[in-house]
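Working notes, beginning with the structure itself.
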């Protein structure tokens, strides 16, 4: 007969977040009390308590469980006691392995009190079935949780232990976020610097120089429990240790324009916490769920800049046209040659040239050189900005007229016709509404027979349906045309402040220009001529042609 006094028992307790919903009977303290009484009543010795609080039974990567296995292998334990089989685990294969293989191999007796399982006995045939049921329960719980999350995501609720950097949790409405005045200033700075044309590395340096707290450091400041290990006895620089990745993640996060994005990553299986990244087309986007920190205009500009943020060659001095000047044929950014030395004096001059990156890498097979003088591009843009800035200040109405005429040279008459057709269509729709109502009344009163009613009603209804579609098309068309005028006014206000501009820099260029396209030069009447297209923000391209560009 077994001698009970020789058993050194490990009391193992586990509680997942889902189990916690069942109340006090599933709590850690209740498990401890129940199992301690059971062990002592049988005159066995409690070696220790091994606890995993808030850990799912579908995984065996649990610190308390692993510590218990270590003590088993060191010979400290020869009995394991749990409240029921599900406390040991909810993966029926692995749970079965420990009960049927691991414990017997290590001379460990296992008891699940509430399920009546005791491996020293031979009547445990029900155990495998209970393990399967426990796993099915875990799977069902996982499915229900996912369903609840889908409902919350559809509402645009924020999911997570803490809010995104720049926001704070709503004090009253669960799942909602509000702008955090302090941290949002750092977000605004990051987007402002990116808008000026700075890359992630340079933005990171500015943040470090200004001693801006990182997202992790800011969370820790608000609640010392967050990232406690990271900042325990940390040097001061740790609080401002920004990385390029952290900057890029903020610049790529639509939460800052008021959108909530879900399903960026999904769980591989309910049995593991491993996550898998999802392609963008499988993300769930809910727009306008909260107040944006960044306006849509700034967001779109920054995204356009960062589409072309490939690593460019460093130049001295820096290339203020980086990512703005591009090849008109392949679309790639132009490489800027270093300043050349004067043969006699050895001094560096400003004789620098833009060259197509694709041509430099692959030769003429893929693209030509598109060689263009840095000085010419610089002067062309500077003079253009001055000219339009002067007009914006002195003759803004004339400039608006010129821009809208340039933009809509062949569309002005079309706009007038569309506007007239739209007004006529709206009026006719109102008439049809009245006519259809009268037809109905005449038919009900018996003054119009059913055959005539059906024919006339069908004709009017068909006209109405076609007209509704046409009016909606005209409305969209007019909206686009009106937007052009609005954009021109924005551009005039923007450029007006540069009337006395003396020199260009990267922030000014990035603020005013979308891109500058350099075409391959050609000879016309013996003269080297090159087309350079400047695309200003809001108004687009204003064509300019340069002759003798290398002069």
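Taken together, the values in this text are just the output of simple stated rules run on the coordinates, not laboratory data. For clarity, every value in this text was computed on a predicted model and none was experimentally measured. Every residue, glycine among them, receives a Cβ derived from its backbone with ideal geometry; neighbour counts consider all protein chains shown.
Values as computed for the structure displayed
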| item | result |
| --- | --- |
| Fewest-first ranking of 369, 402, using other Cβ atoms within 10 Å as the exposure measure | 402, 369 |
| Point-to-point label distance, residue 435-residue 535, nm (Cα→Cβ direction, 7 Å offset) | 4.7 |
| Cα centroid separation - region 419-472 against region 197-252, whole Å | 65 |
| Full-stretch length increase - residue 107, residue 6 - with 0.36 nm per residue and alpha-carbon distance subtracted | 35.1 nm |
| Tail weight of P(r) past 17 Å, computed on alpha-carbon pairs of region 464-526, percent | 67 |
